[in-house]
2 protein chains.
Amino acid sequence: MRIGELARRTGASVRSLRYYEEQGLLTSSRSASGQRRFTPDQVERVACIRQLYAAGLSSRTIYDLMPCSESPSPENSDRALERMERERERLTASIAELARARDALDGLMVLNRTDRAGLVDAAPR
Amino acid sequence: MRIGELARRTGASVRSLRYYEEQGLLTSSRSASGQRRFTPDQVERVACIRQLYAAGLSSRTIYDLMPCSESPSPENSDRALERMERERERLTASIAELARARDALDGLMVLNRTDRAGLVDAAPR
DNA sequence: CGCTTCCCTGACATGGGCGTGAGGTTCCAG
DNA sequence: CTGGAACCTCACGCCCATGTCAGGGAAGCG
């Protein structure tokens with residue numbers, strides 16, 4: 001399929017898809033006239049890429065992780081796994097941090113409600 | 001206390017603290033010579049600000065939220081609460097998304113391990 | 001006094017994913 | 001054949017919290 005189709009199917013912009021390719025996250029064959037051609041399973045790959053972006057990984061990191069992104073070998077696999085482990089930990093920490101932030105927000109909300117009640121009490125004009 | 005002290009106590013850089021002030025998130029009195037003076041309770045405030053930054057709020061949003069940041073009034077309180085509610089939802093969604101991303105990563109790890117095992121099996125030179 | 005350390009303002013740099021526009025080619029339906 | 005949609009490359013812009021450098025006052029100790 002062409003790039004517009006892939007964009008429609010994945011929800012990514014055409015620009016983003018080109019960018020992913022530029023970053024080595026996505027490969028395409030080219031038609032005689034130079035247009036990119038993608039295979040159906042790239043849809044899934046894009047979804048995966050976007051998941052990882054959503055997890056806050058950089059394109060470089062995603063590149064390093066992509067299974068068999070270049071030459072599959074036990075060494076590469078191990079390196080990737082190690083990296084994934086690290087990122088997994090980062091993610092977990094990040095989730096915990098967000099949860100803490102949410103708690104902090106809850107605290108602010110309570111505070112605000114209290115303040116508000118105080119205001120209404122004090123000056124019920 | 002002076003800005004360096006506050007930085008040490010909060011873990012924020014001096015640059016960041018100035019920036020927070022510039023964004024209206026932090027106030028300071030000035031000494032005769034123009035140096036910023038902070039009170040001890042600003043330490044907590046900075047911690048709170050950083051929590052919210054960590055939650056992905058923009059300085060503008062944080063500004064809008066800060067309790068009684070300008071004129072405390074029931075209307076302002078309500079607006080702030082509404083905003084907080086929205087941000088809370090965003091946070092919750094974001095946490096869920098990160099969790100999904102972590103699952104995706106787990107999937108990749110399993111895949112990678114499988115691939116690796118296959119490689120070792122197939123070509124155990 | 002002088003030395004070190006801190007503080008001030010102002011301004012430019014940066015990263016990174018993506019929007020956007022220019023200027024041009026290709027594809028396809030009518 | 002023709003017009004519009006889709007595609008191409010190149011390149012600049014943006015956001016925004018921070019780092020960092022320059023150039024110059026303060027603070028405080030020996």
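The values are calculated or read from the model by the stated rules, or taken from the named source; none is laboratory data. Just so you know, these numbers come straight off a predicted model, no measurement behind them. With ideal geometry, Cβ positions are generated from the backbone for all residues, glycine too; neighbour counts draw on all protein chains shown. With ligands, DNA and RNA removed, areas are computed over all heavy atoms of the protein, side chains included. Shrake-Rupley method; radii C 1.70, N 1.55, O 1.52, S 1.80 Å.
The table below lists the values:
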item	result
Positions within region A:1-18 being assigned to a helix (DSSP H, G or I) and either among the small types (Gly, Ala, Ser) or more than 14 Å from DNA strand D (Cβ to nearest atom) (or both), in sequence order	A:Gly4, A:Ala7, A:Ser16
Every pair of residues 6+ apart whose Cβ atoms lie under 8 Å, when the first sits in region B:17-37 and is touching a residue at least 40 places away in the same chain (Cβ under 8 Å) and in the same structural domain as B:Cys48 (by TED's automatic domain parsing) while the second is open to solvent by less than 30 Å² (accessible area, probe 1.4 Å) and part of a loop (DSSP other than H, G, I, E, B)	B:Leu25/B:Met66
Residues within region A:37-60 that are within 17 Å of A:Ser16 (Cα to Cα) and either assigned to a helix (DSSP H, G or I) or touching a Gly at 6+ places or on another chain (Cβ under 6 Å) (or both), tallied	15
Residue list for region A:46-57, restricted to those being under 23 Å from B:Asp115 (Cβ atoms) and open to solvent by 40 Å² or more (accessible area, probe 1.4 Å)	A:Ala47, A:Arg50, A:Gln51, A:Tyr53
Leading residue by the ranking (modelled with the lowest pLDDT) among those in region B:58-95 that are away from DNA strand C (no atom under 16 Å from the Cβ), loosely packed, with under 12 Cβ neighbours inside 10 Å and not acidic (Asp, Glu)	B:Ser71
Filter result (within 11 Å of DNA strand C (Cβ to nearest atom), exposed (fewer than 14 other Cβ atoms within 10 Å of the Cβ) and in a loop (DSSP other than H, G, I, E, B)) within region A:19-36	A:Ser31, A:Ala32, A:Ser33, A:Gly34, A:Gln35
Residue among B:Val14, B:Val43 that is near DNA strand C (Cβ under 8 Å from one of its atoms), away from chain A (no Cβ under 14 Å) and surrounded by fewer than 20 Cβ atoms within 10 Å (Cβ to Cβ)	B:Val14
